[in-house]
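In what follows, a single structure is set out as structure tokens and then discussed.
Values quoted throughout were computed directly from the atomic coordinates according to the rules given, and no laboratory measurement underlies them. A quick note: this is a predicted structure, and the numbers were derived from the prediction, not measured. Glycine gets a Cβ as well: all are built from the backbone with ideal geometry, and neighbour counts include every protein chain shown.
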Amino acid sequence: MADFVIGSEPYYSPNEDEVEIFEAAWKQRLPVLLKGPTGCGKTRFVEYMSWKLGVGRKSEPWPFVAINCHEDMSAADLVGRYLIQESGTIWLDGPLTTAVRHGALCYMDEIVEARKDTTVVIHSLTDYRRYLPIERLGTVLQAADNFMLAISYNPQYQSSLKELKRSTRQRFTVIEFDYPGIEKEAAIVAHEGGVGLELAERLSVLGSKLRSAQDETGVDPPSTRLLVYAARLIQSGVSPRRACMTSVVNAITDDPVSAEAGGHIVSAIFSEQE
């Protein structure tokens, strides 16, 4: 499992008490659901906790297995399947089985993207049973002691066809996430984007204004990730206005009118001479 270990500390700045809640859940072997908008730091947080509770404590490394859920994902993609080779038929564990077998932190990102009949396989891992039925092998795999399941979803993008089943949601301890405040987000953008704090603060103000004007402009709220992308372009010599348009405004809308409205907000923060 060496390939699944996060060896160096990921940069993460806590918003509230999410680190303490996650650590308490880990001690009790409780599954955790991270709920919040896209690009607000959910994945980075789980990577950080994998490091903190493993290498960061100078204990055994805690493997981290990430699964990006999608609508074509089947139960076999999670659990495993038989493969035919020249030497014969072999069984290959899926990522969920690998995590269960080796006691890893398993993170299923955007769980609502997966088919509902697929996600049912995790139910027996989220209560006192802590086992994974492997129907094709005719066996039940008991989770290793350090195994922990974390999932995430964005409630803002829910629809009648893509929503988290109540029977699934009520099996998890829920930690809510949101975009950080301007000062905290600026520190993140400065660190991740390689720019000065003053510029990072202006990018953070841009993100805040675009999010506040969401109803007026019709654009999606920009993630912290997009602000970091803009910072990196600026750090590479692209003008701030052009970087913000390409990495932020054009990434959150395809509508010309909405893009123009977003461009006015960019122009109010960054002048043409910059």
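Just checking the listed ones, 257, 32, 65: in the Gaussian network model of the chain with Cα springs under 10 Å, the one fluctuating most is 257.
Neighbour counts of C-beta atoms inside 10 Å place 118, 139 in the sequence 139, 118, starting with the fewest. Within the straight-line cut-off of under 13 Å between alpha carbons, the aspartates and glutamates reachable from residue 116 are 71, 72, 163, sequence neighbours fewer than 8 places apart in one chain being disregarded. Size descriptor for the chain, Kirkwood hydrodynamic radius: 20.5 Å (Cα pairs only, one decimal). Measuring nothing but how far apart in sequence close Cα pairs (under 8 Å, 6+ apart) lie, relative to its length, the stretch 2-176 scores a relative contact order of 29 percent. Under 1.5 on a/c is rounded, so check that first for the stretch 182-274, then, if it is not, pick prolate when a/b is larger than b/c and oblate when it is not; a ≥ b ≥ c are the square roots of the alpha carbon gyration tensor eigenvalues. Prolate shape, in that a/c is at least 1.5 and a/b is the bigger ratio. The chymotrypsin sites (Phe, Trp or Tyr not before Pro) of the stretch 150-240 include none that meets both criteria, a DSSP state outside H, G, I, E and B (loop) and at most 16 other C-beta atoms within 10 angstrom of the site's C-beta.
Computed on the stretch 125-241, the Cα convex hull volume stands at 196 Å³ per residue.
Legend: ranking of residues 109, 215 from fewest to most surrounding C-beta atoms inside 10 Å; resulting order 215, 109. Counting alpha carbon pairs within less than 8 Å and at least 6 residues apart, what relative contact order, in whole percent, applies to the stretch 182-269? Once divided by the residue count of the stretch 182-269, the mean separation gives 29 percent. If both residues of a DSSP beta bridge must be in the chain, then about 35% of such bridges are antiparallel. For the chain, adding -39500 (n - 2.57) for each run of n ≥ 4 DSSP H residues and dividing by the number of residues yields -10500 deg cm²/dmol at 222 nm.
What trypsin sites (Lys or Arg not before Pro) in the stretch 1-81 are in a loop by DSSP, with at most 14 other Cβ atoms within 10 Å of the Cβ? Qualifying residues, ordered by number: 29, 58. When the Gaussian network model of the chain links Cα atoms closer than 10 Å, the mean-square fluctuations of 256, 221, 180 top out at 256. Once you put a point 7 Å from the Cα of residue 124 and another 7 Å from the Cα of residue 156, both along the Cβ direction, what distance in nm separates them? About 3.8 nm, to one decimal. Checked against a 24 Å cut-off, the cross-linked pairs 52/209; 165/209; 184/209 give Cα-Cα distances beyond that limit for 52/209; 165/209. Between residue 71 and residue 16, the distance separating the two model label sites (each 7 Å from Cα on the Cα→Cβ line) works out to 3.3 nm.
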